[in-house]
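For reference, the structure discussed in these notes is given below.
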Amino acid sequence: MPTSELVVRSLILAGGFGLRMKDFNTGPKGLIPVDGDTIIGRMLSDLNTIHNLGQKALITNGKHFTAYQKWLLDWKQKEKGLDRIRLINNLVDAPDKRLGALGDLIHALNLLDWWGGGLFVLPSDTLYRGSLASFVDFALNTASPGLVTAVYEKEKQLIAGRLGCVGMDGQQIVHFEEKPEKPLFSSAIAPFYYYSGETLGQVLKYSRQNGSLKALDTPSSIISWFLQKGVPVYGFRTDASMDIGTPEDVEAAQIYVQANPAVNIFT
């Protein structure tokens, strides 16, 4: 089947509790307002530009489920039913019981029975530039078998201790370190992933071999494991993204968007 005809399922991971936000925001980070919209709202609008988009789902925790449920109801009315998305409650109500991002991924795939075929996995707390449609087109034409993630240039001092760092050979990632104190390269990753159908099942194997919360709560940690196993990992080069993890990040994002009205940071 031509790649242009493949149907792409997408899953947004929103199971985090936003502990670094402290008292600044007690709700889900995906619903933090930025320039008149939310991260999730803009992401869904961008997803809808993908012509071969299939089913969509969002997984969140028990604490934030009701907030997302209400927001999605309003959103669907606003979009006149165009945006159909399955909302999943992982039934976790406390941070110390969280499943981790990869744990949420596995939980959702089991519930939805989505283990067959490729999957586009997105974060709920990252502002990005570039087109999701372009990412998916690249992935469908590249990752068979394999994994694709988003890669952007960043100064080494800004990667240190905070971002995953990659070394590239053409389009392929050949080296990865998670939040190194002394980065070897000036390329960072944004937590957008496309798992080919051949690769998706490997997530279960990874979770069995690396079952700690730290391993499951860091989606990018699977990159090193794939590289060790000889599974190809590709980098889609894009503009810088912004992780919304702290109150300072929210303020920086709002200032940026307001100062650059001609630039849509999301699409």
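The values are calculated or read from the model by the stated rules, or taken from the named source; none is laboratory data. As the structure is a computational prediction, the values presented were derived from the model and not from experiment. In this analysis, Cβ positions are derived from the backbone assuming ideal geometry, glycine residues included, and neighbour counts consider all displayed protein chains.
Residues that are surrounded by fewer than 20 Cβ atoms within 10 Å (Cβ to Cβ), over 24 Å from VAL7 (Cα atoms) and touching a Ser or Thr at 6+ places or on another chain (Cβ under 6 Å) are absent from the range 218-237.
One residue alone among GLY167, GLY146 is touching a strand residue (DSSP E or B) at 6+ places or on another chain (Cβ under 7 Å), more than 26 Å from ARG42 (Cα to Cα) and at pLDDT below 95, and that residue is GLY146.
When you check LEU99 against the structure, is it in contact (Cβ under 8 Å) with a residue 24 or more places away in the chain, within 14 Å of LEU58 (Cα to Cα) and not charged (D, E, K, R), yes or no? Before you say what the answer is, go through the steps one by one.
Working: in contact (Cβ under 8 Å) with a residue 24 or more places away in the chain: yes; within 14 Å of LEU58 (Cα to Cα): no; not charged (D, E, K, R): yes.
Here the answer is no, as LEU99 does not meet what is asked.
If you take the residues of the range 166-187 that are in contact (Cβ under 8 Å) with a residue 60 or more places away in the chain and among the aliphatic types (A, V, I, L, M), which of them is surrounded by the fewest Cβ atoms within 10 Å (Cβ to Cβ)? First the steps, then the outcome.
Going through the range 166-187, the residues in contact (Cβ under 8 Å) with a residue 60 or more places away in the chain turn out to be 166, 168, 171-173.
With the extra rule that they be among the aliphatic types (A, V, I, L, M), the set shrinks to 166, 168, 173.
Values: VAL166: 26, MET168: 15, ILE173: 24.
The residue in question is MET168.
In this structure, GLY230 qualifies as at pLDDT 90 or above and out of contact with any helix residue (DSSP H, G or I) (no Cβ under 7 Å at 6 or more places or on another chain).
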